[in-house]
Amino acid sequence: MELYRIGIIGSGSFGTAIANIIARDVQNKSVFDDTVKIWIFDEQVRIDGSKELLSEYIKRERENVNYLPHVKLPENLLFMTNLKEVVQKSDILVFVVPHQFIEKIVQDLKSMKLKKKIACSLMKGTLFSEETAEIVLISNYIEKELGWPCSAVMGANIASEMHKSVCEMTIGSRTDGDLLKQLFNTPQVKVNVVRDKTSVELFGALKNIVAIAFGVARGLQLSINTQVSIMRRGMLEMIEFVKMVDKNADKLTILESCGIADLMVSCITGRNAGCGTAIASKGLTIEKIEEDMKGQKLQGTLCAYEVMMYLRKKNVVDKFPVFATVYGICYGKMDSNQILKVFEE
């Protein structure tokens, strides 16, 4: 029996974290090849005053010093700078890049005339189609453009802690759930599979908007009661938004790791909540915040923009005060102290 070869597209903090876990466990599984390939968009890093390519540093030190420092990476995890080579030599592809880059990457792959693959997206974002005025799931975009079945994998986890102890993930899949569960399920990562891919993927994106609202309230030193109330109202908007996009979505999916749990983690200790706090407490712009993140990208700010475009087209902005207020604060149309507008009926 031929073994499934694994390729990971994206080597940021989350991509490296999930690659580390897969590579360490894949050697114990009979259906997967022992070597895990990961595509890295190479960049220069400064080490002890001298510049060096990140890929070369990782190869020598087995550490992604930029995005997952202090975590030793296994020898069977190969960092490769040639995207085409990674994809050609893989049967299962895990997409985990900042979602603002996915369209270019997919179009690059489309031009390569590749054989059919099994795909899954770990990207916590959405796309908005100006042509149809609809929200497009990233997994559906991959399916449409490349002709590959694509599932969604989300969950309550912080990249820097995934290797330390147990966490959970939710796979939304109508085709390859069992196979992907074998890949992602490890002693450290507990996985559940549901067919409701829409909810899994959208909850993973929308929670970042709510986390920004939570962070703004924290930055303003509003009470814990107020912060949690904002989180609850944001969760209700998440559920309502998913129902708008897919009337067949299962409301119980919010109870999976991709739902309430992921929302809580993001609000308590996520970069999007940190963004909200920095806007409110320091008056920083999202551009300045990203500049200070050393290559990492915010997902909630772009998602807030795409969601607002959709809500405007549907003429339902007033029904989503948390989403609308976060958009206004992030894009300079509202002051952060207007976060309390989320409570206006």
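Here, each number is a calculation from the coordinates, and none is a lab measurement. Treat the numbers as computed from the prediction; the structure is a model and nothing was measured. For neighbour counting, all protein chains shown are included, and Cβ atoms are generated from backbone atoms with ideal geometry for every residue, glycine included.
Restricting to Cα atoms and excluding each atom paired with itself, what does the Kirkwood estimate give for the range 1-55 in Å?
Final number for the Kirkwood radius of the range 1-55 is 12.7 Å.
The ellipsoid that matches the Cα gyration tensor of the range 206-343 has semi-axes, each √(5λ) in whole angstrom, of 22, 16, 15, with the longest given first. Taking other C-beta atoms within 10 Å as the exposure proxy, 13, 223, 139 rank 223, 13, 139 from fewest upward. When only the Cβ of Lys, Arg, Asp and Glu is charged (+1, +1, -1, -1), the dipole of the chain relative to its Cα centre reaches about 160 debye. Between residue 115 and residue 88, the modelled label-to-label distance comes to 1.2 nm, taking each label 7 Å out from Cα in the direction of the beta carbon. Look at where the Cα atoms of the range 164-200 and of the range 124-148 average out, and the two centres are 21 Å apart.
Taking every DSSP helix (H) stretch of at least 4 residues in the chain, weighting each as -39,500 (n - 2.57) and dividing the sum by the residue count yields a mean residue ellipticity at 222 nm of -13500 deg cm²/dmol. State which entries of 117/314; 117/164; 29/104; 29/190; 164/251; 243/288 exceed 26 angstrom in Cα-Cα distance in the structure shown. Result: 117/314; 117/164; 29/104; 164/251; 243/288 exceed 26 Å.
Computed from the C-beta positions of residue 43 and residue 144, the FRET efficiency with R₀ = 35 Å rounds to 0.70.
Computed on the Cα trace of the range 105-174, the radius of gyration divided by the Kirkwood hydrodynamic radius gives Rg/Rh = 1.05. With kT/(6 pi eta Rh) evaluated at 25 °C and eta = 0.890 mPa s, and Rh the Kirkwood radius from Cα pairs, the range 4-197 diffuses with a coefficient of 144 µm²/s according to Stokes-Einstein. For the pair residue 314 and residue 100 in one chain, pulling the backbone fully straight at 0.36 nm per residue adds 74.7 nm over the alpha carbon distance. Picking from 238, 334, 123, which is most flexible by a Gaussian network model of the chain using Cα springs under 10 Å? Result for the chain, Cα springs under 10 Å: 334 fluctuates most. Counted by neighbouring Cβ atoms within 10 Å, the residues 148, 39 run from fewest to most as 148, 39.
Annotation for the range 241-263 versus the range 3-44: alpha-carbon center distance of 28 Å.
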